[in-house]
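Please treat every number below as a calculation from the coordinates, not as lab data. Given the structure is predicted, the values throughout are model-derived calculations rather than measurements. Cβ atoms come from the backbone with ideal geometry, glycine included; neighbour counts cover every protein chain shown.
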Amino acid sequence: MQWSSAAMREYHLNIAEQNINITGKTVKRITVNGQFPAPTLEFEEGDDAVIHVHNQLKNQDTSLHWHGLLLPGLMDGVPGFNGFNGIAPKGEFVYRFKIRQSGTYWYHAHSKGQEQDGLYGAFIIYPKGKQPLRAIEQAQRDYVVMLSDFHESGSQTIMNNLKKSAEFYQNQRETLPDILQQIKTDGLKQTWQTHKMWNQMRMLRTDLSDVTGYTFLVNGKTPTQNWTGLFQPNEKIRLRFINASAMSFFDVRIPHLKMTVVSADGQPVQPINVDEFRIGAAETYDVLVEPKNSHYQIEAESIDRSGFAIATLHNELMPAAHGIHLPQARPRALLTMQDMGHGTTHQQHEVVMSDTAPVHTHMTNMQHDGHDLHEQHHAVMAEMQKKTVFGWANAATPVGHKALQYQDLKAMTPQPDTRPAEREIVIRLGGSMERYMWTMNGKKHAEAEPLQVKYGERIRLKFINDSMMAHPMHLHGMFVQLENGQAMQDLPNKHTLIVPPGQTVTALLTADELGEWAIHCHLLYHMSAGMMNKLVVADVAKAPVQLNPMHGEHHAHH
């Protein structure tokens with residue numbers, strides 16, 4: 001009976017190339033229905049989604065993946081998986097699936113670098129009848145805030161440059177003051193050993209991002225174009241943050257406005273009041289805000305501190321405010337040996353963040369004559385303190401402010417499956433910066449054996465990051481329960497997990513969706529360079545499903 005009452009919601013998406021101008025330079029990029037980025041698609045839980053995708057690109061296959069959606073394997077949209085072979089030029093594919101959830105999701109290409117080139121958009125599912133899931137979520141305004149990274153070079157050029165030299169975009173070399181700072185903190189011997197080790201590992205301590213030169217956008221708009229969400233006094237606003245970047249992590253804040261996080265990756269969580277949160281590529285967070293002033297600025301700062309995505313919230317009863325204010329960049333983090341999984345016995349010293357903090361210069365390691373050098377050193381240290389903090393996770397959050405942590409997340413409703421894991425699948429994340437090759441368990445996608453699980457099996461996925469970069473790891477087709485220290489029934493559902501440098505992150509999975517599901521790093525160029533595998537959920541009661549051969553695969557990832 002439910003089928004007859006369900007609404008069919010239909011979209012036609014025409015994928016084409018056209019000239020666009022975001023930064024003052026005209027470039028050819030991918031548009032959907034003439035829009036860059038792609039339009040927001042809206043559904044209600046229970047709808048039957050019918051999405052006709054028409055490929056009008058001249059000479060490229062394309063595909064669309066519905067990120068975080070529960071659906072049949074064929075509809076997941078990854079070429080080379082579940083018999084899906086991509087959408088050929090002049091071709092059409094009709095995606096049909098039942099909407100079985102609500103929340104904030106997004107969609108993007110899963111073919112070559114098309115996601116970076118503009119093929120991404122928001123996918124919003126309201127609860128049935130648009131009724132809020134709980135009283136706190138009753139809001140008068142509802143806005144998508146989609147963050148992305150725009151580059152004047154096309155994705156193919158970027159990938160070629162990275163293959164030529166993994167350090168092609170590294171413009172944040174350590175400077176002498178960085179090294180003096182470390183001598184002050186760690187002593188000369190330790191500093192020398194650290195640098196020797198970094199050299200051996202062929203990685204730079206400032207490698208927070210391996211592509212630079214991005215302009216950061218909110219809903220396709222640059223900071224000067226200033227996307228603006230309007231409100232009236234005493235209204236509650238829902239902001240649906242989506243990180244649709246190819247390569248960027250952001251620290252997000254709205255100065256002078258507290259945010260209440262109510263959803264992570266589209267899945268409701270118990271409310272958490274925060275001043276800021278870090279969002280990895282492909283993650284989503286919904287927050288509620290209750291503005292009291294007439295004007296606020298939404299600031300999403302990339303973690304390499306190279307720039308901001310900026311937008312505005314404005315009281316529509318007040319005259320329009322003028323433009324944006326470019327915030328001061330936060331200090332950028334230098335990676336430590338702990339980030340590299342080489343924790344030393346001494347404690348990492350965190351640099352105090354206040355500009356007025358006294359700088360204790362220990363000159364014992366430096367035999368200097370004269371007072372001048374001491375003064376000079378003091379000045380250099382004070383300057384460096386403003387610019388550097390230690391450790392990947394250090395967002396330089398102001399004292400007294402609350403930054404969201406993974407361990408804060410608790411599911412809104414108890415988890416239906418609280419069985420312990422029957423077995424553990426270990427996935428080691430590695431990379432060679434020399435050849436720009438990124439791997440899972442030492443293998444690139446092309447040569448990796450698929451991960452096999454039985455239907456209904458309870459699995460622990462254990463991601464061990466052996467590299468010096470954070471990887472947002474995404475599993476298609478199912479949610480995992482992040483093991484974040486909460487009780488089993490409170491573990492939050494996630495579709496994408498940030499695994500920081502040198503750290504291990506674990507999650508539980510009930511393998512309740514049959515099919516071949518991609519599992520990969522959601523940094524686009526890491527995936528393209530091999531950081532992907534296939535998790536096959538098979539029904540052992542029956543013969544394994546015979547799926548079409550893999551001939552579509554070369555369109556997607558090579």
Long-range HN-HN contacts of Thr228 with modeled amide H, under 5 Å:
Thr312
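Round to the nearest 0.05 the FRET efficiency obtained for Thr224 and Gln56 when R0 = 35 Å and r is the Cβ-Cβ distance.
Working: r = 31 Å, r/R0 = 0.88.
Here the calculated transfer efficiency is 0.70.
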Between Glu17 and Val426, what is the label-to-label distance in nm when each label sits 7 Å out along the Cα-to-Cβ direction?
4.5 nm
Normalised convex hull volume, the range 8-128, alpha-carbon set, Å³ per residue
93 Å³
Tabulate in residue order the Karplus-calculated ³J(HN,Hα) for the range 393-410, using 6.51 cos²θ - 1.76 cosθ + 1.60 with θ = phi - 60°, rounded to whole Hz; enter x for Gly and Pro.
7, 7, 8, 6, 5, x, 4, x, 9, 9, 9, 4, 10, 3, 5, 6, 6, 10
Hydrodynamic calc, the range 55-121: Kirkwood Rh from Cα pairs, then Stokes-Einstein at 10 °C with viscosity 1.306 mPa s, so D in µm² s⁻¹ is 128 µm²/s
Distant-in-sequence amide H partners of Ser263 (H built 1.01 Å from N, under 5 Å):
Val269, Asp286
Set of the range 71-108 residues, backbone N closer than 19 Å to the point 7 Å along the Cα-Cβ line of Thr413:
71, 98-105
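I'd like to know how the range 423-538 sits against the 2.2 N^0.38 Å rule of thumb: what's its Cα Rg over that expected value? Working shown, then result.
On the way: Rg = 13.6 Å, N = 116, 2.2 N^0.38 = 13.4 Å.
For the range 423-538, the normalised Cα radius of gyration is 1.01.
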Once you put a point 7 Å from the Cα of Gln328 and another 7 Å from the Cα of His401, both along the Cβ direction, what distance in nm separates them?
1.1 nm
Give me a comma-separated list of calculated 3J(HN,Hα) values for the range 297-310, in order, Karplus coefficients 6.51, -1.76, 1.60 applied at θ = phi - 60°, integers in Hz, x for any Gly or Pro.
10, 8, 10, 10, 9, 5, 6, 7, 6, 8, x, 10, 9, 10
Sticking with the crude label model, points 7 Å out along Cα→Cβ, report the distance from Glu447 to His295 in nm, one decimal please.
5.8 nm
Charge context of Tyr214, other residues only, Cβ under 11 angstrom, K/R +1, D/E -1
-3
